[in-house]
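Heads up: the structure comes next, in structure tokens.
The values are calculated or read from the model by the stated rules, or taken from the named source; none is laboratory data. The model shown is predicted, which means the values in this text are computed figures rather than measured ones. Backbone-built Cβ (ideal geometry, glycine too); neighbour counts: all protein chains shown.
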Amino acid sequence: MSTPLAREADSRADDNAVIELAGVDFGYTATPVVKDISLNIVPGEYAAVVGPNGSGKSTLMKLMLGLLRPDEGAARLFGEPSHEFDDGSRIGYVAQHASASKEMPITVREVVKMGRFPHVGFGRLSEGDWKIVDRALETVGMTAFANRPVTQLSGGQRQRAFIARALASEADLLVLDEPTVGVDIESVEAFYDLLDSLNREGITVLLIEHDLSAVTEHADRVVCLNREIYFDGPTEEFVESDALARAFGTTVNFLGGD
Amino acid sequence: MASTLFLQAGVFTPLYWILDLWSWFMSWLWNMTGLGMLQYEFMHRAILVGLCIGVMAPLIGTFLVHRQLALIGDALAHTGFAGVAVGLFVNAVFDLGVSPYLTAVIVAMIAALFIELISEATDAYNDVSMAIVLSTGFALGTTLISINAGGLAVGVNQFLFGNLSTVSPDSASILLVLFAVIIGVVGLTRNQLLYVTFDETAAAVSGLSVRWYNRIMVMLTAMVVVGAMQIMGVILVAAMLVVPVAGAAQVSRSFNESLLVSVVLAELAVILGIAVSYYGGATAGGVIVLVAVGIYVLAVVAGKLQTALGEESTPEMGSIDVDAESTSD
């Protein structure tokens, strides 16, 4: 647990943290993918993890969510060890839009309904559950598309449906893994506006992102990763720092993404 | 032999009542309609088995197809064949009177678990491990049966290609049990299976044990293919998992609709297929699959027409409103 960064001290101090990583190492093989990661995400934060391809962003996200267990160090979710955390309804997860089954006939409403599954378990959705589903659809502006097959949606609409699923599960943490890859530019803007408004309502947002302009415009805090943390702090400081160049190992401007 | 063993155990008695009841109903239907194929008791059982297949195969197939796992059914059917051979072998050597379909279920379920564990260890379902399991199953089956052939004359064709006339009360009873288990488990875990099928990572994040639901899924698949093998045969059984589901996907808008449509298409294929094979003297499995493929082609055409018309009538958005569905699950 010898972290060179001073940040470690206040990491441990915070009991309220939504996500807490302390001295985390992880590798799929003997070579570590991420090394010595310590960070806290507190309730209501809008944080973004940025880094080049292969920098371990997605691995870090899996460690945070308990989908992977650290080789060294500790990962905690809502105060519990991440892999033991079992109240999945508190976390909304939105993947790259390409990841979910593309051909499957399923309506937007059926997708959003899944958000209620952690609440109903083996049972049926009650009238109250359906109301929550419909409210979530309304929040993301997808009510008119409720009975439309997901396959007929644009990338941006589809991602809204997934956000609605997270809202239907009444998640207080929203984790998005490069949500706007393959989404047209206008929809991207609207998508981030939606995230902003959800964050203002108190939902913690954690964004894994390669689109740096989106990050600097919307997130309050940036974690810059390339196997190790190169920067962790307010977005304004990140913009002025040289962390990006060091993390990416060059001095070019990366606003174009990868 | 087989029947006495199980009847003594009392396990099958209530199932025989169901078969008798069904047979009585079919005879009544024969009297009413005069359809020749309804006059024989073996056809009564074959139709019952067919109808059950028409429900359970697309039901499980829906969850497999949308995960690009369609071929796992084929692999498991071939291990089921090894299971049949084990049953025949054991019977010939020890004179136990165990139904070969029972050993087939057990062997196929073990193989299913094995495929799943390999995929968990390697983090992916891969063609190679599936191909190895498939050919091992089939090789084991043919080897055991060829050894067996000296002592006991066994018709392998019945297992390879399926046969309407060899559906015994025992094997029909086994199928009823499999049917009940499959319907029960899918009914109970439908939410979880849907979530895992549609979005595995999100399902895991939401707290579902993806591994366990995958294990359940492959075990159910093993049950379906062995159950359906009696009529469909080892070689064609996987088609029933895939073809009606693929057809339904062409014309369905929602998941619930696609489940329903795939069952309807499968039942259509089974009933038409059994009728054609009875009157035309062809092998039921082959005819059923041909009918299913024919229906699939029609579904593709219907789907294309639907999309074309849909694009014309709804240029952009807004025509689809909340009125269509209210509180259906």
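Let me confirm something: among B:F25, B:F89, B:F42, B:F81, which residue is over 24 Å from B:V264 (Cβ atoms), without any contact (Cβ under 8 Å) to a residue 60 or more places away in the chain and of a type outside the set (D, E)?
From the options B:F25, B:F89, B:F42, B:F81, the qualifying one is B:F89.
Is it fair to say A:E170 is surrounded by fewer than 24 Cβ atoms within 10 Å (Cβ to Cβ), free of Cβ contacts under 8 Å to residues at least 60 places away in the same chain and either aliphatic (A, V, I, L, M) or not in a strand (DSSP E or B) (or both)? Before you say what the answer is, go through the steps one by one.
Values: surrounded by fewer than 24 Cβ atoms within 10 Å (Cβ to Cβ): yes; free of Cβ contacts under 8 Å to residues at least 60 places away in the same chain: no; either aliphatic (A, V, I, L, M) or not in a strand (DSSP E or B) (or both): yes.
Answer is no for this residue.
What number of residues in region A:151-162 are over 14 Å from B:V205 (Cα atoms) and either of a type in the set (D, E, K, R) or buried (at least 24 other Cβ atoms within 10 Å of the Cβ) (or both)? If you could, list the steps in order and put the result at the bottom.
Our first condition is that a residue be over 14 Å from B:V205 (Cα atoms); within region A:151-162, this holds for A:151-161.
If we keep only those that are either of a type in the set (D, E, K, R) or buried (at least 24 other Cβ atoms within 10 Å of the Cβ) (or both) as well, we get A:158-161.
Counting residues in region A:151-162 that are over 14 Å from B:V205 (Cα atoms) and either of a type in the set (D, E, K, R) or buried (at least 24 other Cβ atoms within 10 Å of the Cβ) (or both) gives 4.
Determine which member of the set B:L38, B:L64, B:L59 is at pLDDT below 90 and either within 29 Å of B:L220 (Cα to Cα) or surrounded by fewer than 21 Cβ atoms within 10 Å (Cβ to Cβ) (or both). Outline the logic, then answer.
On the way: B:L64 fails: at pLDDT below 90; B:L59 fails: at pLDDT below 90.
When all the criteria are applied, what remains is B:L38.
Just to check your reading of the model, which residue among A:V175, A:V205, A:V188 is aliphatic (A, V, I, L, M), surrounded by fewer than 22 Cβ atoms within 10 Å (Cβ to Cβ) and not in a loop (DSSP other than H, G, I, E, B)?
On the way: A:V175 fails: surrounded by fewer than 22 Cβ atoms within 10 Å (Cβ to Cβ); A:V205 fails: surrounded by fewer than 22 Cβ atoms within 10 Å (Cβ to Cβ).
From the options A:V175, A:V205, A:V188, the qualifying one is A:V188.
Look at B:I235 and say whether it is at pLDDT 90 or above and under 19 Å from B:L76 (Cα atoms).
no
Would you mind stating whether A:P81 is modelled with pLDDT under 95 and either farther than 30 Å from A:V24 by Cα or buried (at least 19 other Cβ atoms within 10 Å of the Cβ) (or both)?
No; evaluated as a whole, the condition is false for this residue.
Are any residues in region A:147-192 more than 27 Å from B:R253 (Cα to Cα) and of a type in the set (F, W, Y), and if so, which ones?
Hit for region A:147-192 is A:Y192, nothing else.
Considering only helices (runs of 4 or more DSSP H) fully contained in region B:97-161, which possess at least 2 residues that are surrounded by fewer than 13 Cβ atoms within 10 Å (Cβ to Cβ) and either modelled with pLDDT of 80 or more or of a type in the set (A, V, I, L, M) (or both)?
Details: elements: B:100-122, B:127-148, B:157-161.
Correct list: B:127-148.
Suppose the filter is surrounded by fewer than 23 Cβ atoms within 10 Å (Cβ to Cβ) and without any contact (Cβ under 8 Å) to a residue 40 or more places away in the chain; does A:S213 pass it? Outline the logic, then answer.
Values: surrounded by fewer than 23 Cβ atoms within 10 Å (Cβ to Cβ): yes; without any contact (Cβ under 8 Å) to a residue 40 or more places away in the chain: no.
Spelling it out, it is not the case that A:S213 is surrounded by fewer than 23 Cβ atoms within 10 Å (Cβ to Cβ) and without any contact (Cβ under 8 Å) to a residue 40 or more places away in the chain.
Those residues that are hydrophobic (A, V, I, L, M, F, W, C) and touching a residue at least 40 places away in the same chain (Cβ under 8 Å), I need them from region B:254-267; list them, please.
Correct list: B:F255, B:L259, B:V263, B:L265, B:A266.
In region A:88-106, how many are under 21 Å from B:L208 (Cβ atoms) and either outside any loop (DSSP other than H, G, I, E, B) or modelled with pLDDT of 90 or more (or both)?
Counting residues in region A:88-106 that are under 21 Å from B:L208 (Cβ atoms) and either outside any loop (DSSP other than H, G, I, E, B) or modelled with pLDDT of 90 or more (or both) gives 8.
State which residue is farthest from the other protein chains (Cβ to nearest Cβ) when the search covers only region A:118-134 and only residues that are at pLDDT 95 or above and closer than 13 Å to A:A166 by Cβ.
A:I132
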